[in-house]
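S.K.: There's a structure below that I have some questions on.
The values are calculated or read from the model by the stated rules, or taken from the named source; none is laboratory data. Computed from a prediction, not measured in an experiment: that's the story for all the values here. Cβ placement follows ideal geometry from the backbone for every residue including glycine, while neighbour counts extend to all protein chains displayed.
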């Protein structure tokens, strides 16, 4: 950290070194610090209300200046005196260590990571499209369509949905007398349809099992012949499990003839990525059950070094309330958006929001999908720095400026309803203030006011509202911090800290549990009643805005 003559406090960050390396050409492996300058960001540290420099632990403590070290020579908003002091400071040991750490981030580990997509976004629909489909109007002039869309906006269709649909821009370019059919408008909406993805990051491991997904597909005859499976005309070959990354497959032989010798559902087979049958230890083609076939496929993958096992990435798993299990980091992204944005938390591009969840039970035994935290680097940066429509602008314009949080909640609500949860829940805003050790008025308002109000409006037709419940946890006064391959414990005020002596997160958690007061914490809760569950199953939820009536479609 350096305090410049102008009073600005700056520091260095190598967190985005991989991102910069993908965009720039350079000899990153030379070992010279100066060659790594294009990969290291200059960040500006904030001061708190008392003028004390923030510690830089979270994204609330600093912002990216927009310059790497290499760019700083050309910075127009830095004085010559500030630049001179900065480059003298770069020769000190601390900034040199940060710069050299950039080269370690360039080790190609991308093949260890993959993304597991969730189906929740498929249950989001365009309310605008549904309204237009239900119009009795079959065709109209461009001016009439504009008037109709204006009426829809006054009746509840979000202006942002109209803007990002492209309809208004398209219609305004046409002559007012241009005749358009309803199918033309619907086709335009479909062409401009916003693609939302919800995914969790997976890390491949060197042990474990293949990541099989259940399917039910009849296999073509050529695949059966290539695998040398001995079948007669009365048999069908059904693919039941598949590892999408390695293409290992598990199938079963079926027949419609009850007197057929293969009618006992005991003829399972396993195939390697090349479509060859994996034989049993006795050299036979078939296994008695699916578990034996899966075990054989796993062993085959280990023998040949094709390990498809994986675990969920827990990059920020230490920033959770004590208790809970099945920790997940969800990323809501716009993969097909024409602009690119890279946030501070992840290397992936165009992440609109990220959500950290655990599974918990309240004191009454209800199963909760618990939202530990949700954030949007994209819209946070846009709010601070403004959105830039220039293709090379630092913060690309993006949808859901006001609704990104409720979009994230909708996706979690869909996931909860489809996976047997009784409710979704999230912390009060003061827990986030406690976690980061500072006053976060906007964050507190989002958790305690904006999200509950939006959910209540969304689900008003289905007789459910946001209430509260209690969960068992520990007082969130202590925090886990990872240092390379060890863990330590410290409080949020910086008054207490241990050495980095704990070998893993679980060991550190056990110590934290012993030194923290056990509490019953009140949390915001939305219980999913039968009507809401049926609505999500049958219709889904609107991408923008809320359902205004129980059956407006």
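S.K.: Among the numbered conditions (1) outside the structural domain of residue 420 (by TED's automatic domain parsing); (2) in a helix (DSSP H, G or I); (3) touching a helix residue (DSSP H, G or I) at 6+ places or on another chain (Cβ under 9 Å), tell me where residue 509 comes up short.
M.R.: Exception for residue 509: condition (3).
S.K.: Which of the residues spanning region 138-152 are loosely packed, with under 15 Cβ neighbours inside 10 Å and either within 28 Å of residue 458 (Cα to Cα) or touching a helix residue (DSSP H, G or I) at 6+ places or on another chain (Cβ under 6 Å) (or both)?
M.R.: Of everything in region 138-152, those that are loosely packed, with under 15 Cβ neighbours inside 10 Å and either within 28 Å of residue 458 (Cα to Cα) or touching a helix residue (DSSP H, G or I) at 6+ places or on another chain (Cβ under 6 Å) (or both) turn out to be 138, 147, 150, 151.
S.K.: Step by step: first the residues of region 267-290, then only those that are under 37 Å from the mean Cα position of the chain (by Cα) and over 20 Å from residue 236 (Cα atoms), then the one that is surrounded by the most Cβ atoms within 10 Å (Cβ to Cβ). Which residue is that?
M.R.: 273
S.K.: Within region 473-484, is even one residue over 16 Å from residue 434 (Cα atoms), touching a helix residue (DSSP H, G or I) at 6+ places or on another chain (Cβ under 9 Å) and not assigned by TED's automatic domain parsing to the domain that holds residue 407? Even if it seems obvious, please write down each step before you answer.
M.R.: We begin by selecting, within region 473-484, every residue over 16 Å from residue 434 (Cα atoms); these are 482-484.
Checking the rest, the ones that are also touching a helix residue (DSSP H, G or I) at 6+ places or on another chain (Cβ under 9 Å) come to 482.
If we keep only those that are not assigned by TED's automatic domain parsing to the domain that holds residue 407 as well, we get 482.
Yes, some residue in region 473-484 is over 16 Å from residue 434 (Cα atoms), touching a helix residue (DSSP H, G or I) at 6+ places or on another chain (Cβ under 9 Å) and not assigned by TED's automatic domain parsing to the domain that holds residue 407.
S.K.: State which residue is modelled with the highest pLDDT when the search covers only region 366-397 and only residues that are touching a helix residue (DSSP H, G or I) at 6+ places or on another chain (Cβ under 7 Å) and assigned to a loop (DSSP other than H, G, I, E, B).
M.R.: 376
S.K.: Based on this model, can you work out whether residue 313 counts as closer than 30 Å to residue 16 by Cβ and touching a helix residue (DSSP H, G or I) at 6+ places or on another chain (Cβ under 8 Å)? Spell out how you get there, then give the answer.
M.R.: Working: closer than 30 Å to residue 16 by Cβ: yes; touching a helix residue (DSSP H, G or I) at 6+ places or on another chain (Cβ under 8 Å): no.
The answer is no for residue 313.
S.K.: Can you report the number of residues in region 423-447 which are part of a helix (DSSP H, G or I), surrounded by 16 or more Cβ atoms within 10 Å (Cβ to Cβ) and either in contact with a helix residue (DSSP H, G or I) (Cβ under 7 Å, 6 or more places away or on another chain) or free of Cβ contacts under 8 Å to residues at least 24 places away in the same chain (or both)?
M.R.: Initially, region 423-447 is screened for residues part of a helix (DSSP H, G or I), giving 429-436, 441-447.
In the following step, the residues that additionally are surrounded by 16 or more Cβ atoms within 10 Å (Cβ to Cβ) were identified as 429, 431-436, 443-444, 446-447.
After this cut, where a residue has to be either in contact with a helix residue (DSSP H, G or I) (Cβ under 7 Å, 6 or more places away or on another chain) or free of Cβ contacts under 8 Å to residues at least 24 places away in the same chain (or both) as well, the list is 429, 432-433, 443-444, 446-447.
Going through region 423-447 one residue at a time, the tally reaches 7.
S.K.: Here is a list of conditions, (1) at pLDDT 85 or above; (2) within 24 Å of residue 432 (Cβ to Cβ); (3) in a loop (DSSP other than H, G, I, E, B), and residue 345 meets all of them except one; can you say which number that is?
M.R.: So residue 345 meets the others, but not (1).
S.K.: Let me ask something else. Within region 471-488, can one find any residue that is in contact with a strand residue (DSSP E or B) (Cβ under 7 Å, 6 or more places away or on another chain), buried (at least 16 other Cβ atoms within 10 Å of the Cβ) and at pLDDT 90 or above?
M.R.: yes
S.K.: I need every pair where a residue in region 233-259 that is within 16 Å of residue 289 (Cβ to Cβ) and not assigned by TED's automatic domain parsing to the domain that holds residue 215 has its Cβ under 7 Å from the Cβ of a residue that is at pLDDT below 80 and loosely packed, with under 14 Cβ neighbours inside 10 Å, sequence separation at least 6 or different chains.
M.R.: none
S.K.: Residue 492 versus (1) modelled with pLDDT of 85 or more; (2) not assigned by TED's automatic domain parsing to the domain that holds residue 402: which is the lone unmet condition?
M.R.: Failed condition: (1).
S.K.: Return only the number of the condition from (1) part of a strand (DSSP E or B); (2) on the phi > 0 side of the Ramachandran plot that residue 51 does not satisfy.
M.R.: (1)
S.K.: Within region 342-351, does at least one residue satisfy the condition of being closer than 21 Å to residue 440 by Cα, surrounded by fewer than 21 Cβ atoms within 10 Å (Cβ to Cβ) and in contact (Cβ under 8 Å) with a residue 24 or more places away in the chain?
M.R.: Just the residues of region 342-351 that are closer than 21 Å to residue 440 by Cα, to begin with: 343-345.
Now restrict to residues that are surrounded by fewer than 21 Cβ atoms within 10 Å (Cβ to Cβ): 344-345.
Okay, now just the ones that are also in contact (Cβ under 8 Å) with a residue 24 or more places away in the chain, so 344-345.
Checked against the condition, which is being closer than 21 Å to residue 440 by Cα, surrounded by fewer than 21 Cβ atoms within 10 Å (Cβ to Cβ) and in contact (Cβ under 8 Å) with a residue 24 or more places away in the chain, region 342-351 yields at least one hit.
S.K.: Checking the conditions here, which among 548, 543 is at pLDDT below 85, farther than 11 Å from residue 459 by Cβ and surrounded by 12 or more Cβ atoms within 10 Å (Cβ to Cβ)? First the steps, then the outcome.
M.R.: Values: 543 fails: at pLDDT below 85.
Testing whether each residue is at pLDDT below 85, farther than 11 Å from residue 459 by Cβ and surrounded by 12 or more Cβ atoms within 10 Å (Cβ to Cβ) leaves just 548.
S.K.: Which ones in region 118-163 are within 24 Å of residue 334 (Cα to Cα) and part of a strand (DSSP E or B)?
M.R.: 118, 124, 125
S.K.: May I pose another question? Quickly run through region 229-263 and pick out the residues that are over 29 Å from residue 119 (Cα atoms), at pLDDT 80 or above and either under 34 Å from the mean Cα position of the chain (by Cα) or surrounded by fewer than 18 Cβ atoms within 10 Å (Cβ to Cβ) (or both).
M.R.: The answer is 236, 254.
S.K.: Please identify the pairs in which a residue from region 212-228 that is on the phi > 0 side of the Ramachandran plot and modelled with pLDDT under 70 has its Cβ atom under 7 Å from the Cβ atom of a residue that is surrounded by 10 or more Cβ atoms within 10 Å (Cβ to Cβ) and part of a strand (DSSP E or B), counting only partners at least 6 apart or on another chain.
M.R.: Between residues of region 212-228 that are on the phi > 0 side of the Ramachandran plot and modelled with pLDDT under 70 and residues that are surrounded by 10 or more Cβ atoms within 10 Å (Cβ to Cβ) and part of a strand (DSSP E or B), the close pairs are 228/277.
S.K.: Which ones in region 352-383 are surrounded by fewer than 17 Cβ atoms within 10 Å (Cβ to Cβ) and under 19 Å from residue 400 (Cβ atoms)?
M.R.: Selection gives 383 alone.
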